Structures are given as structure tokens and as C-alpha cells.
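Please treat every number below as a calculation from the coordinates, not as lab data. A quick note: this is a predicted structure, and the numbers were derived from the prediction, not measured. As a convention, Cβ positions derive from the backbone with ideal geometry for all residues, glycine included, and neighbour counts pool all protein chains shown.
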Ligand SMILES: [Cu+2]
């Protein structure tokens, strides 16, 4: 019996396809990087968060003030109310390196940055 041969080119294509399969899980949500900030006295603490480029990011925002706030960012395309004493989690798509501004839409002077490298 003669063994079927897929040839050299076939092997290369198979290897590339297998490599792609291995790469896919790295973009999955469970590989997300979580960063956390708190709001107190109408300030973000910390006001600068750091995350790696190219990975999904989860931003956890704890509002330690009794008043509600609204975490908002035009650059990150998110907007979500966080009640007084409440916590929210925002899912952010993988980002390019940069400085992404966010703020409390109820107190726009309350701002911070997500620094992606
Ligand atoms: Cu808003």
C-alpha cells in the first residue's frame, strides 16, 4: 500500500494552521488583565492605571463615596453608573499603546488615565 503524501507545502500549511489554533486562546476573555481603581472624595485612586497592549482589559471601579458617579471614557467607549458604595466592572477590548482618559461624568474634573504599553 502506498501512503498518501500531503507534500512539503501541505505540511507547511498544516503547521501554520496549528500555530494559529494555538494563538487563538490568547485573545480570550479569561486572559484579560484586571486593573482596579477607587473613587473617594471625587478623586480616582490611583488616577493612573497600567495595562499591556493587545490584551482584553477589565477595569474594576469601586465608588467609596456615598454619591453615585458615572465612569465614562470617550476613548475607551464606555459609560456606566456606579452607585454610592458600589463596584462596577468594565470590559475593554484589546488596545493599542497610548494614554486613554476617563472621568466621572457627574464630576468631569474627576479624571484619570489608563496607560497602555
Ligand atoms: Cu455620561
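Observations on the structure shown:
- Between residue 38 and residue 53, the modelled label-to-label distance comes to 3.3 nm, taking each label 7 Å out from Cα in the direction of the beta carbon.
- Measuring nothing but alpha carbons in region 66-115 and taking Rh as the Kirkwood radius, the Rg to Rh ratio lands at 0.98.
- When each of 104, 65 is scored by the number of other beta-carbon atoms lying within 10 Å, the sequence from fewest to most is 65, 104.
- 39, 75 arranged by Cβ crowding within 10 Å, fewest neighbours leading: 75, 39
- What the Kirkwood sum gives for region 28-116 is a hydrodynamic radius of 12.8 Å, with every pair of different alpha carbons counted.
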